[in-house]
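One structure is given here, and the rest of the page talks about it.
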Amino acid sequence: MIFFVAVIGYLILLMSISIYKSFLVKNQEDFMVAGRSVSTPKLVGTLLCTWMGAGSLLAGAGLAARIGFSELWMAAGAWIAIIIVFFLAARVRRIAEFTVPDILELRYNKWARILGTIVIVIAYTTIVGYQFRAGGFVLELVAGIPMWQGVLLTAAFIIIFTAFAGMLSIVSVDIINGAVITVAILIAAPIVFFHIGGAEYLTTTLDPSYFTVFGNQNFLWAMGIFLPTFFLLLGESNMYQKFFSARNEKSAKNAVMWWVVGTIIIETALASLAIFAFSHFNTLEATSEFFLSADQSERIILHTARYGTEVGLPLLVGILLIMASVAIITSTGNSFLLTPSTNLTRDIYQRFINPHVDSSRIIVIQRMMVVLLGVLAYLLLTQFTTILAMALTAYTMVGAGLTPALLAAFLWKRVTVAGGVASIATGMGVTLAITIANAINTSLSGHVLLDEAYIILPAAFLSILVLIVVSLLTPHDPKTKWGRFYTQETSLSEALDKVKKADEHS
């Protein structure tokens, strides 16, 4: 009962902050990018919380429990990508105002904006969906609420929270969420390690493959889980949107530096905690072999928090770990719901349907989009058996469909409009085709054609190949298309006005 009370109390705190912040929302800029006033500490907190979602808490931790420290290949994809992002953060803050599709239209054309929006909506609603499932796990564990009811309650909370105040709410509560996540995991991991008997116990109870670079797998498998997170983060729209929220270029760049440090520490500690707990719980008669299945192993951290006294965790630390789980789920759900709602509102409605919509009306439209996408996320949730499968599919959708064209805009002057648009269409198309084929084959034979961990390989390869080949086969774009990505000062609004006028004139 005490765990349930802690969860409800924490959710009430978060919702109270969101309701308060809703009164401070005056215009579109406040709702979408927090008035462009986010300081470095707040930016670090919200970037960390956004990335540390159910993909890490459940999918990553579950994979670590099953295979060992080689799971960190999945986390390392993000670490390397964040380091690369460090060199782009200031330029991103300088060039854009609201969304990644803004950048895509600025460098390519309106079709790039539309395709980019479709990619983000599909991928991000999938990610939101498994936050709903994770919330269902928590409520089932701490209160005995049936799984489907817990999913619906989680969905309702995340949708309402996001709709109230948008980015202003998210960056405000993520300072609290970030602190809870960091403290809980960094306290719990060493306590469990020493209580179970340390390294000697681990080496005698776990297979030696748990401590090797590739586990029982190989380099190809490692790339299959490394590349989705690597490509996802390089094209991660939440990240770009939060850069747009920063006070200035310096704040954005400093935040990335601390973000990578925090991500490496916390994700390593989370994987370690999962392995330590698994070594204990899976030797007990009541749970023997229980956590070896993909579905059950994804609950290892939640199980550890709830039954932490068995592995030496004081009750207070167990409660803190449950609260950290709630923080991880809600913060990621909020961010990944806000971004596609921003895309639909700004990149479709405001751009093509009602360009002269007033600021108050646009906030109402976005709140409606939040609800619509929340429902879609719930429907997508029913199409996957595990959170890991959902995570890898969503990561691949962004990584193959968006990242190559987005990075090329900043890093390759020779990329052309045709090359960028073709790349987005190819990456999205290949990912969708394989995912649909997998679903059909699974329903017919019970097997997938290509494991979700490997979809990134053909999808990203073909997306990059098409980007390069089509760009080289088509005429150079004029400097008016690419020059603004290499200058010190750029006004996105002015640039888009020029693009629109040029399109109208042609």
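Scanning the range 231-244 for residues that are crowded, with 24+ Cβ neighbours inside 10 Å and either among the hydrophobic types (A, V, I, L, M, F, W, C) or under 22 Å from I67 (Cβ atoms) (or both) turns up F231, L232, L233, M239, F243, F244. For beta carbons closer than 9 Å, sequence separation of 6+ or different chains, a first residue in the range 200-222 that is touching a residue at least 60 places away in the same chain (Cβ under 8 Å) and at positive phi and a second that is exposed (fewer than 15 other Cβ atoms within 10 Å of the Cβ) and part of a loop (DSSP other than H, G, I, E, B), the qualifying pairs are G215/D207.
Entry remark, the range 157-169: residues being touching a Gly at 6+ places or on another chain (Cβ under 9 Å) and over 14 Å from M369 (Cα atoms) number 3 in total.
Just one residue in the set T393, T385 is at pLDDT below 90, crowded, with 20+ Cβ neighbours inside 10 Å and either part of a helix (DSSP H, G or I) or over 14 Å from the mean Cα position of the chain (by Cα) (or both); that residue is T393. For I103, are the conditions met, namely being modelled with pLDDT of 85 or more and surrounded by fewer than 23 Cβ atoms within 10 Å (Cβ to Cβ)? So I103 does not fit the description; no. Check whether at least one residue in the range 16-37 is at pLDDT 85 or above, under 21 Å from F157 (Cα atoms), of a type in the set (G, A, S) and surrounded by fewer than 22 Cβ atoms within 10 Å (Cβ to Cβ), and report yes or no. Looking through the range 16-37, at least one residue is at pLDDT 85 or above, under 21 Å from F157 (Cα atoms), of a type in the set (G, A, S) and surrounded by fewer than 22 Cβ atoms within 10 Å (Cβ to Cβ). Return yes or no: is F290 touching an Asp or Glu at 6+ places or on another chain (Cβ under 7 Å) and modelled with pLDDT under 85? When the stated conditions are applied, F290 does not pass them. Take the conditions (1) free of Cβ contacts under 8 Å to residues at least 24 places away in the same chain; (2) not in a loop (DSSP other than H, G, I, E, B); V370 misses just one of them, which is (1).
Pick from F278, F194, F226, F244: which is touching a Gly at 6+ places or on another chain (Cβ under 6 Å), part of a helix (DSSP H, G or I) and in contact (Cβ under 8 Å) with a residue 60 or more places away in the chain?
None of the other options fit; the residue is F226.
Residues in the range 117-158 that are crowded, with 24+ Cβ neighbours inside 10 Å, of a type in the set (F, W, Y) and more than 29 Å from L234 (Cα to Cα): F137 alone. The residue that is surrounded by the fewest Cβ atoms within 10 Å (Cβ to Cβ), among those in the range 179-208 that are under 26 Å from F278 (Cβ atoms) and among the small types (G, A, S), is A199. Just checking, does the range 113-122 include any residue being assigned to a helix (DSSP H, G or I), touching a helix residue (DSSP H, G or I) at 6+ places or on another chain (Cβ under 9 Å), under 28 Å from A425 (Cα atoms) and among the polar types (S, T, N, Q)? Yes, the range 113-122 contains a residue that is assigned to a helix (DSSP H, G or I), touching a helix residue (DSSP H, G or I) at 6+ places or on another chain (Cβ under 9 Å), under 28 Å from A425 (Cα atoms) and among the polar types (S, T, N, Q). When G77 is tested against (1) within 15 Å of the chain's Cα centre (by Cα); (2) over 18 Å from E236 (Cβ atoms), exactly one condition is not met: (2).
Residues in the range 159-189 that are touching a Ser or Thr at 6+ places or on another chain (Cβ under 6 Å) and either at pLDDT 90 or above or in a loop (DSSP other than H, G, I, E, B) (or both): 1 in all. When the residues of the range 209-223 are filtered to those that are among the aliphatic types (A, V, I, L, M) and assigned to a helix (DSSP H, G or I), the one that is surrounded by the most Cβ atoms within 10 Å (Cβ to Cβ) is A222. Of all residues in the range 421-446, those being assigned to a helix (DSSP H, G or I) and over 19 Å from L457 (Cα atoms) number 7. Taking the criterion of being closer than 20 Å to Y307 by Cβ, within 23 Å of the chain's Cα centre (by Cα) and surrounded by fewer than 24 Cβ atoms within 10 Å (Cβ to Cβ), the residues of the range 246-281 that qualify are A269, S272.
The condition of being touching a residue at least 40 places away in the same chain (Cβ under 8 Å) and either touching a Phe, Trp or Tyr at 6+ places or on another chain (Cβ under 6 Å) or surrounded by fewer than 22 Cβ atoms within 10 Å (Cβ to Cβ) (or both) holds for only one of L47, L57, that being L47. Of the numbered criteria (1) among the aliphatic types (A, V, I, L, M); (2) closer than 30 Å to P478 by Cβ; (3) part of a helix (DSSP H, G or I), the one V415 fails is (3). A count restricted to the range 168-178 and to residues that are under 10 Å from L48 (Cα atoms) and not acidic (D, E) stands at 3. Confirm whether V357 is assigned to a loop (DSSP other than H, G, I, E, B) and of a type in the set (A, V, I, L, M). Yes, satisfied.
Close Cβ contacts (under 6 Å, 6 or more residues apart or on different chains) running from residues in the range 381-408 that are touching a residue at least 40 places away in the same chain (Cβ under 8 Å) to residues that are in a loop (DSSP other than H, G, I, E, B) and buried (at least 24 other Cβ atoms within 10 Å of the Cβ) comprise I387/E298; T396/I455; V398/G235; L402/G235; T403/G235; L406/G235; A408/V415. Of the residues making up the range 306-318, those that are in a helix (DSSP H, G or I), hydrophobic (A, V, I, L, M, F, W, C) and either surrounded by fewer than 16 Cβ atoms within 10 Å (Cβ to Cβ) or modelled with pLDDT of 90 or more (or both) number 3. One residue is enough: does the range 124-132 have a residue meeting the conditions under 14 Å from M15 (Cβ atoms) and of a type outside the set (A, V, I, L, M, F, W, C)? For the range 124-132, residues under 14 Å from M15 (Cβ atoms) and of a type outside the set (A, V, I, L, M, F, W, C): absent.
Summed over the range 414-447, residues that are loosely packed, with under 15 Cβ neighbours inside 10 Å and touching a residue at least 12 places away in the same chain (Cβ under 8 Å) total 3.
The values are calculated or read from the model by the stated rules, or taken from the named source; none is laboratory data. All figures in this text were calculated on a predicted structure; none of them were measured in a lab. Please note: Cβ atoms are built from the backbone with ideal geometry, for glycine as well, and neighbour counts cover all protein chains shown.
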